[in-house]
Amino acid sequence: QVQVVESGGGLVQPGGSLSLSCAASVTRFSIYTMGWYRQAPGKERELVAKITSGGKITYADSVKGRFTISRDNDKRAVSLQMNSLNPEDTADYFCNAKWAQWDYWGQGTQVTVSS
């Protein structure tokens, strides 16, 4: 059974930083596109950042220049470094592993940006 597990959420003040991590127990991790999505209360889930098997990275416009996604295929992990956080970044953050018809989600980790 595939498991996708996020960690690293929490409470941070505006302007602060957090790093999220995700471990995915998929076989052939390296071929998966790994992504981070978020869902704020009352809003739809949205893409934050994703990285393909070839290393192509896509960021949402709202996080460009502040967030950095990276992957470690040996550890079957993907990370999201979040800097200059603001209250609009408050949301549940979800890790996603996708390849062909295989699409796996974690349970999410909460990020709250507040003073």
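The values are calculated or read from the model by the stated rules, or taken from the named source; none is laboratory data. Model, not experiment: these values are computed from the prediction. For neighbour counting, all protein chains shown are included, and Cβ atoms are generated from backbone atoms with ideal geometry for every residue, glycine included. Side chains are part of the model used for accessible areas, which takes the heavy atoms of the whole protein and leaves out ligands, DNA and RNA. Shrake-Rupley method; radii C 1.70, N 1.55, O 1.52, S 1.80 Å.
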**Prompt:** Sorted by mean Cβ packing within 10 Å, highest first, what order do the peptides 38-45, 2-9, 57-64 take?
**Reply:** 2-9, 57-64, 38-45
**Message:** Over all directions, how big on average is the projection of the convex hull of the alpha-carbon atoms in the chain, in square nanometres?
**Reply:** 6.9 nm²
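On a 1.4 Å probe surface of the protein chains, which of SER79, SER19 comes out largest in accessible area, and what is the full order?
Numbers: SER79 35, SER19 55 Å².
Listed by decreasing accessible area, they come as SER19, SER79.
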**Prompt:** Considering only the chain, what is the antiparallel percent among its DSSP beta bridges, to the nearest 5?
**Reply:** 95 percent
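Please give the net charge around TYR32, taking every other residue with its beta carbon less than 11 angstrom from that of TYR32, where Lys and Arg add +1 and Asp and Glu add -1.
Details: positive: ARG28, LYS50, ARG71, ARG76, LYS98; negative: ASP103.
Residues close to TYR32 contribute a combined charge of +4.
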**Request:** Mind grabbing the accessible area of LEU20 for me, 1.4 Å probe, Å², rounded to tens?
**Result:** 0 Å²
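Determine the relative contact order of the stretch 1-96: mean sequence separation of Cα pairs under 8 Å and six or more apart, normalised by residue count, in whole percent.
Values: 185 pairs, mean separation 34.4, N = 96.
For the stretch 1-96, the relative contact order is 36 percent.
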